[in-house]
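What follows is calculated from the coordinates using simple rules that are stated; it is not laboratory data. In this text, all values refer to a predicted model and were calculated from it rather than measured experimentally. Please note: Cβ atoms are built from the backbone with ideal geometry, for glycine as well, and neighbour counts cover all protein chains shown.
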Amino acid sequence: METAERKKIIFSAIQPSGTITLGNYLGAWKNCAALQDEYNCIYALADLHAITVRQEPAKFRHNTLEAYALLMACGIDVEKSIFFIQSQVHTHAELAWILNCYTQFGELSRMTQFKDKSAKHPENINAGLFTYPSLMAADILLYQAELVPVGADQKQHLELARNIAERFNGVYSPTFTVPDGYIPKTNARIMSLQDPTRKMSKSDENANAYIAMLDKPDDIMRKFKRAVTDSEACVRYAEGKDGVNNLMGIYSGVTGKSFDEIEKEFEGKGYGDFKTAVGEAVVEHLRPIQERYEQLSKDKAYLERCYRENAEKALAISQRTLRKVMKKIGFVQ
Ligand code: TRP
């Protein structure tokens, strides 16, 4: 008789380099919470990645702890998943160095994110920015992850992680699981409220362009009222109606309603009513998350216990992979 199938391993991470937005949540982390029963989920705050851009120390520490509590409030359950802070698990930096030696300069030079980021920060094109993808490969490969939920902007990095894994396996013997991308069924790509052709981003200079998960209800309502739409004054999903499409995506994401249902609901109504409804639905959806965040962030001792214990669990798993790798390369045991 077949034994019960082993749960697949999912790995994902987010940089704690600013406030987490509604886009991060609807596009990825809402779904990550839902995956916890079906998969073995391992999640990390990629703070080592975050220092490829200069961080102000006090703010960086604050953002990391805020992101930890906030993602727990969004549904990451440390009883079911492992959720840790990358810099607290030293195997990541160690394997990243090793993988750097199995990654070609040419490969890293082709990464579009590196090209974009170095164009944006010409004053600080550091080596970490360049080798960022080998650290990301280390994150994934240390846990023998089979599935990695990534947005479009990280696909190229995941592809490189696969190539590095295959190369290493080929030079030695099968060592790393070659990870696949995981495309969520409800793949919401949330755009800027001010320029709906661009992704909603926490690093946008204009705070009206994004909803932060901890924004106050008044701010949320105001930002939706100012959201860019079009001049047709008809709530329908169609090409060229990026602003309305985006608001429909958000409304659908927080209410579970289909686009057909949304079009019917707002038949004959203007954008004013629609924006108010979207704002209110977002406020209501975020309310319990914000309440849970408030509770969690008061309990510093509990949070600390969570991230410490989870770092230990992550270390135990990742060390098994790192030891194998080092042995195969020929480091003295
Ligand atoms: N680079 C990812 C981002 O900026 C974050 C990240 C780091 C990640 N390590 C990862 C994502 C491993 C998936 C798997 O969004």
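Observations on the structure shown:
- Residue list for the stretch 157-187, restricted to those being among the charged types (D, E, K, R) and more than 14 Å from the ligand (Cβ to nearest atom): Glu166, Arg167, Lys185
- Helices (runs of 4 or more DSSP H) (entirely within the stretch 51-156) containing at least 1 residues that are within 30 Å of Glu291 (Cβ to Cβ) and within 14 Å of the ligand (Cβ to nearest atom): 57-73
- Contact annotation: residue pairs with Cβ atoms under 6 Å, 6 or more positions apart or on different chains, pairing a residue in the stretch 235-246 that is without any contact (Cβ under 8 Å) to a residue 24 or more places away in the chain with a partner that is part of a loop (DSSP other than H, G, I, E, B) and surrounded by 14 or more Cβ atoms within 10 Å (Cβ to Cβ), are Lys241/Asp230.
- Just one residue in the set Pro174, Pro184 is part of a loop (DSSP other than H, G, I, E, B), in contact (Cβ under 8 Å) with a residue 24 or more places away in the chain and not basic (Lys, Arg); that residue is Pro184.
- Inter-residue pairs, beta-carbon under 6 Å, first in contact (Cβ under 8 Å) with a residue 12 or more places away in the chain and more than 15 Å from Leu322 (Cβ to Cβ) and in the stretch 141-153, second of a type in the set (Val, Ile, Thr) and near the ligand (Cβ under 10 Å from one of its atoms), 6+ apart: Leu147/Ile10; Val148/Ile140
- Test for Lys223: is it crowded, with 18+ Cβ neighbours inside 10 Å, under 30 Å from Val53 (Cα atoms) and in contact with a Phe, Trp or Tyr (Cβ under 7 Å, 6 or more places away or on another chain): no
- Close pairs from the stretch 194-208: first among the hydrophobic types (A, V, I, L, M, F, W, C), partner crowded, with 17+ Cβ neighbours inside 10 Å, Cβ under 6 Å, at least 6 apart: Met200/Thr21; Met200/Gly23; Met200/Ile190; Met200/Met191; Met200/Ser192; Met200/Tyr210
- The stretch 162-177: number of residues that are hydrophobic (A, V, I, L, M, F, W, C) and surrounded by fewer than 15 Cβ atoms within 10 Å (Cβ to Cβ): 1
- Considering only residues in the stretch 122-153 that are within 22 Å of Glu94 (Cα to Cα) and polar (S, T, N, Q), the one that is surrounded by the most Cβ atoms within 10 Å (Cβ to Cβ) turns out to be Ser134.
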